[in-house]
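Please read the structure below before turning to the comments.
The values are calculated or read from the model by the stated rules, or taken from the named source; none is laboratory data. The structure displayed is predicted, hence computed values, not measured ones. So basically every Cβ, Gly included, is an ideal-geometry build from the backbone, and we count neighbours across all protein chains shown.
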Amino acid sequence: MANASTGIGVNDCCKLRFLELKVKKTAPYIIFKIDEAKHEVTVDQIGASGESFEDFAKALPEGECRYAVYDYEFTNADNCKKTKIFFISWCPCTAKVKARMIYAASKERFRRELDGIQLELQATDASELDVELMREKVY
Amino acid sequence: MYGGDEVSALVIDVGWNTCKAGYAGEDAPKAVFPSLVGVIEKSGAADGSAAALGNGDVEMGDAEEKRTGNKPGGDGNDKARKANRKLYVNALGFRRDFMEVVPTVKEGLVADWDLVEGLWEHAFRERLLVDPREHPMLLAEPSHNTNSSRETTVELMFEKHQVPALFLAKNAVLTSFASGRATSLVVDSGGGSTTVAAVHDGYVLRKAIVRSPIGGDALTEAMLNTVESMNVMIKPRYSFKRTEVRLGEFRVTDLDLPNTTESYRRYQQRCIAADIKESVCRVADSTFEEKQYQNIPTQPYELPDGNIVEIGADRFRIPEIIFNPSILKSIPGMEKVAEEQGRISGLPTMVLESINKCDADIRRELFSGILLAGGNAVMTQMKERLEKELMEEAPQAARVKVISSGNNIERRFSVWIGGSILASLGSFQQMWMSKPEYEENGPSFVHRKCP
């Protein structure tokens, strides 16, 4: 059990959608949010295929926190197309302290539920939401 | 599992300088009072006069004795020792004969459990007006807390205060969560010391904790010595009487109070010096150099006795101690402190040292999430300066980002606020260590419940 975990659960729907993204590559990203009334993480939005990283960045609300997974596509040194799944925690400074706290404290538990996440990104403002940062992490 | 959803929890953070207490779910602590406690060793004369001078202040001593007396099985020795000491919590504003001022916390850890007890009691009974038996309790603890100290806390809380449930959370973790990061480097610059701790996925990496004794109090001490070296006496408020002779004209008469202890006089002077520090000091934009600041205009500060002291280059020199402790040697009266402490690193060096002790995989993430918090971090320009120095010294590839709340209250109380939110989450209720659990497993169970 994670330290100071908040006891927030995970809706099964999250895992199913994530599996679809991982195996069937149906969507480039999924955005999750915490439903405080139900004490669990639920699916917020699913990206349509063909959407770019910019679309994804726009889909994240400005003054609120979210979790997201993003299927990052890149070409490696041998010129092969590859993808890596990123887990992104979006906690902008403009969000309420309480929301930031819940998201930060429940992240570990939620991430462990999603099997197959390779890399992680923490973002607290728009400048940290950058394809460049992902590229750096991949290599 | 503890299901006390409807009763709000209490959150307490005992720091070196102040003790913060309040209800979970609120955005600032309800009660903030000094952690330093006035102590009178009972030896006849002092007792009577002190009791007579009660004057509306809190008298912890009496209340405490009564309570221990009622408790069956109270330790006899303990009681005798307590009876010989009278504690004055949050009553330092009033001078008492023979009263010594004693810090509760030393080097970040509890030095005297009786005093902590006193602080808790004061918070419950006098400030929050609650019965601890009815509220779950979340206590913030220093990141480098020892196991035995944690067990003592648990024992005291369950046995003496009979709390229904308890949770201990690490300072650095709470600060980190309050800013929305599960992984970050927390730079907590408090009153008595500065602690740099790495938090990864909600856990403090104990190996990477770096501490230094330079905190707000060291700066205050430096300010006090600097002012004294300018041949200005900082007269504590209690030591004189100021009367208005004519409109706008005052006469100061010194009072003769031979029984005042040295520690109390020093404490009162420090309070004034701290106020001077807070009003005039700011961190220099780049490394402080005597020459550059020789001609800067001085800033006046009016002391309680009406004298005015002019602070010039020292406005910048004193905060510089945080970044470059060797400057302590150039401040009159502080040379000894500098020698005693041996080698102290400046803040940027501490940050780098701590990051380098961590696993190479997470270093980059730590560089981009350095959280500045604590009472001392309120100092103007501190964040900008730290960011600048780190950028110069960090490896090329690392993106350095120092984050601190723009709101001074959030900076000062980040630990408490973190605790307040955590304890107010409905879903957090299952995480408490409850009384039945304590009774079944003993105090060491805390290490499992609150890792």
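Computed values, structure above
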item: Complete set of residues in segment A:20-31 that are assigned to a strand (DSSP E or B) and crowded, with 22+ Cβ neighbours inside 10 Å; result: A:Y29, A:I30
item: Residues located in segment A:56-76, provided they are within 14 Å of another protein chain (Cβ to nearest Cβ), of a type in the set (A, V, I, L, M, F, W, C) and either surrounded by fewer than 17 Cβ atoms within 10 Å (Cβ to Cβ) or over 19 Å from B:L422 (Cα atoms) (or both); result: A:L60
item: Flag if B:V163 is buried (at least 20 other Cβ atoms within 10 Å of the Cβ), of a type in the set (A, V, I, L, M), outside the structural domain of B:N17 (by TED's automatic domain parsing) and farther than 30 Å from B:S330 by Cβ; result: no
item: Hits in segment B:118-152 (condition: buried (at least 23 other Cβ atoms within 10 Å of the Cβ) and assigned to a helix (DSSP H, G or I)); result: B:G118, B:L119, B:W120, B:H122, B:A123
item: Within segment B:190-201, considering residues that are surrounded by fewer than 24 Cβ atoms within 10 Å (Cβ to Cβ) and within 13 Å of another protein chain (Cβ to nearest Cβ), the one farthest from B:L347 (Cα to Cα); result: B:D201
item: Search result, residues across segment A:105-126 that are more than 8 Å from every other protein chain (Cβ to nearest Cβ) and hydrophobic (A, V, I, L, M, F, W, C); result: A:F110, A:L114, A:I117, A:L119, A:L121, A:A123, A:A126
item: Qualifying residues in segment A:80-137 (those that are charged (D, E, K, R) and not in a helix (DSSP H, G or I)) - the one surrounded by the fewest Cβ atoms within 10 Å (Cβ to Cβ); result: A:K81
item: Filter pass, B:G419 being at positive phi and either within 13 Å of chain A (Cβ to nearest Cβ) or surrounded by fewer than 17 Cβ atoms within 10 Å (Cβ to Cβ) (or both); result: no
item: Close pairs from segment A:115-136: first closer than 12 Å to A:T83 by Cα, partner at pLDDT below 85, Cβ under 8 Å, at least 6 apart; result: A:L119/A:M134; A:L119/A:K137; A:L119/A:V138
item: Selection from segment B:442-451 of residues that are in contact with a helix residue (DSSP H, G or I) (Cβ under 8 Å, 6 or more places away or on another chain) and either assigned to a strand (DSSP E or B) or away from chain A (no Cβ under 14 Å) (or both); result: B:P443, B:S444
item: Test: residue in segment B:331-340 that is touching a Lys or Arg at 6+ places or on another chain (Cβ under 7 Å) and more than 21 Å from B:C281 (Cβ to Cβ); result: no
item: Unique match (being more than 10 Å from chain A (Cβ to nearest Cβ), crowded, with 22+ Cβ neighbours inside 10 Å and over 20 Å from B:L174 (Cβ atoms)) among B:F413, B:F367; result: B:F367
item: Filtered residues of segment B:126-181 (kept if free of Cβ contacts under 8 Å to residues at least 60 places away in the same chain and hydrophobic (A, V, I, L, M, F, W, C)); result: B:L129, B:L156, B:M157, B:A172
item: Tabulated pairs, segment A:89-104, first at the interface with chain B (Cβ under 7 Å from one of its Cβ atoms), second of a type in the set (K, R) and in a loop (DSSP other than H, G, I, E, B), C-beta under 6 angstrom, 6+ apart or interchain; result: A:A104/B:R181
item: Failed condition for A:N79, given (1) more than 8 Å from chain B (Cβ to nearest Cβ); (2) under 12 Å from the mean Cα position of the chain (by Cα); result: (2)
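To keep it simple, each residue is scored yes or no on (1) under 25 Å from the mean Cα position of the chain (by Cα); (2) in a loop (DSSP other than H, G, I, E, B); (3) at pLDDT 90 or above; (4) assigned by TED's automatic domain parsing to the domain that holds B:L36.
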{"residue": "B:A273", "(1), (2), (3), (4)": "yes, no, yes, no"}
{"residue": "B:F288", "(1), (2), (3), (4)": "no, yes, no, no"}
{"residue": "B:R317", "(1), (2), (3), (4)": "yes, no, yes, no"}
{"residue": "B:I327", "(1), (2), (3), (4)": "yes, no, no, no"}
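A quick yes/no check of all residues on (1) more than 14 Å from chain A (Cβ to nearest Cβ); (2) of a type in the set (G, A, S):
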site	(1), (2)
B:A373	no, yes
B:Q381	yes, no
B:R385	yes, no
B:A397	no, yes
B:N408	yes, no
B:W432	no, no
B:P436	yes, no
